[in-house]
Amino acid sequence: MLLSYKLGSYFFIRVINNDLISNKKNKNLVSFNQNCNLHLMHFKLILFLLFFFLIATIYSCEQQPVSNHDDPKNIVKVDSLVSQGKKYLASQIELLPFANELLKIAQSTGNKKALVYGEQYKADYYWLAANHEQSMQMAIKSIADAEKWNLKETLPQTYLIIGNLNKENTNYKMAFEAQGKGMYWAKVNHDTPAIISLLSLKAMFIHTSKKLPHDTAYKDTSINIQLTTLKLAESNIKYERRSIPLYDNISQYYLNEKDYNKAIYYGEKGASVAIKYNQQRSLTYSYCWLGQAWYFMDEKQKGLNYINKALQISRSIKEPFREMELYNHLYDCYCFSGDYKTALAMSSRSHKMSDSLQVLGNEKQISELQIKYESEQKDKAIVEMDRSQRLKDKQIIISLAGAILAVIFFVILFLQYRILHQSNRHIIKSNAKKDKALEDIAHIQAHELRKPVASIMGLINLVKAEDYELDKETLIKLEQASIQLDTKIRAIINHVENDKKA
């Protein structure tokens, strides 16, 4: 600001000096005054613009830089990959290529949407592959980046993944917390499909948590939630795919309640929609509940066929965790029919897979990761609040400094204007006096000096006519005329000297 003021002052003084020299040469004081006023207005405008530019620059420096290096082709490609990936959220094999491609685009172009969705799909992939620790790490990274880049539409699905991870490690407290956070963001985003999925997830948590003898915190109201949510999913064909887990969960509920006919009814509906949308993992649940329902209704071979189909699908889509769960369900079936030898074999295979997957060991790690993330988020929030407050204080100081500089600038400008204005008035007044003096001199010359000069010239002509003989009377008259001329000349000199003193 000080530099701009000095430059502006220098420019203004140079212009004024040039005008002074020009006007001294041209003696055009009226034009000089007009030029002064014009340059003064220009100077005000220039300094005002410089001041405004300085404040705008300071303010813009305090803002977060926003950059977007995506070209339209990349944006279209990312949107297409995200749209296709959403169709395979429950399929481990098909989802991985979309996740890798999105992360590749994010790395090469800096596309934030590609980054967040790529991380979410990778978290979903690791979850389906029973790599729970990697899944939680990637899910937490996706949430952090989504919050950083304001991509809130991704949060419901990512919290759904975290809820499932905690549920599969029997940490229902944190599973319910994750489901609640996902539901909050689904409502904020007005995302009906996500609301359906998260309500279904909550009902499933309620139902499965009741199987644990130590967990009696929640009443089993899952069937009411599932049936209500199913009506919402069935209300519009575009939500049909979201009805698959609802059919499966309702089928499981009636299976546990030993209402096998209803379990089969909803299991078949779930299998039909899962086949329609190629949701292979969901199909393993439909076949599992159908298989158990038929087995418990004494249709053992039919029931085993369904469960074996579920096992084949689990192996084909490379989901060992799901395969381990199916062996547990076979154990239940063989125990029901009294075939304890085969039941023991199924239990043994399930435990071996559990040990290899380190499922039990993951529980503590998964919980610690989420708690660590939430603690870091709180710390970040505190740091952000401090940074925001410091930024506000800095902006206030800058604004005050700018205001003070503006006041000083306008005071100096006003004083300069006053000096110039007074100088102009003095020059105009002085010129007016000089003009008056010149008019007086011209009047004296035109009227008063002319008389003695004419008398002298007349007397000289008279002397010439007398052949240069000068009598006393003529000499006296010539003397008197000379005295009159001298008196008038002295009067003019005194008038000029008095004007100079004034």
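Over region 106-193, accessible surface divided per residue gives 36 Å², non-protein components excluded, 1.4 Å probe. Peptides 303-314, 226-237 ordered by packing proxy, namely the average of other Cβ atoms within 10 Å per residue, highest first: 303-314, 226-237. What's the whole-number percent of alpha carbon pairs in region 270-356 lying beyond 23 angstrom? Cα-Cα pairs of region 270-356 separated by over 23 Å account for 19 percent. Rounded to the nearest 20 debye, the dipole size of region 161-307 about its Cα centre is 240 debye, using +1 on the Cβ of Lys and Arg and -1 on the Cβ of Asp and Glu. Note on region 88-156: with neighbouring protein chains present and a 1.4 Å probe, carbon and sulfur make up 50 percent of its accessible heavy-atom surface. Summed over the residues of region 214-344 and divided among them, the accessible surface reaches 49 Å² per residue at a probe radius of 1.4 Å. Structure note, pairs Lys167/Lys276; Lys167/Lys302; Lys231/Lys302; Lys87/Lys210; Lys87/Lys141: Cα-Cα distances above 26 angstrom occur for Lys167/Lys276; Lys167/Lys302; Lys231/Lys302; Lys87/Lys210. Multiplying the residue separation of Lys434 and His421 by 0.36 nm and subtracting their alpha-carbon distance yields 2.7 nm. Carbon-plus-sulfur accessible fraction, region 243-350 (probe radius 1.4 Å, protein heavy atoms only): 49%.
Can you pull a Stokes-Einstein diffusion coefficient for region 94-168 at 20 °C (1.002 mPa s), Rh from Kirkwood over Cα pairs, as a whole number of µm²/s? Roughly 180 µm²/s, to the nearest whole number.
Look at the dipole of region 194-331 built from charges on Cβ: of Thr221, Leu311, Ala194, the Cα furthest out on the positive end belongs to Ala194.
Taken over the alpha carbons of region 158-204 as equal point scatterers, the Debye sum produces base-10 log I(q)/I(0) values at 0.19, 0.20, 0.31, 0.32 Å⁻¹ of -0.48, -0.53, -1.10, -1.15.
The values are calculated or read from the model by the stated rules, or taken from the named source; none is laboratory data. Computed from a predicted structure; not experimentally measured. Every residue, glycine among them, receives a Cβ derived from its backbone with ideal geometry; neighbour counts consider all protein chains shown. The area values use the complete protein model at the heavy-atom level, side chains included, leaving out ligands, DNA and RNA. Shrake-Rupley method; radii C 1.70, N 1.55, O 1.52, S 1.80 Å.
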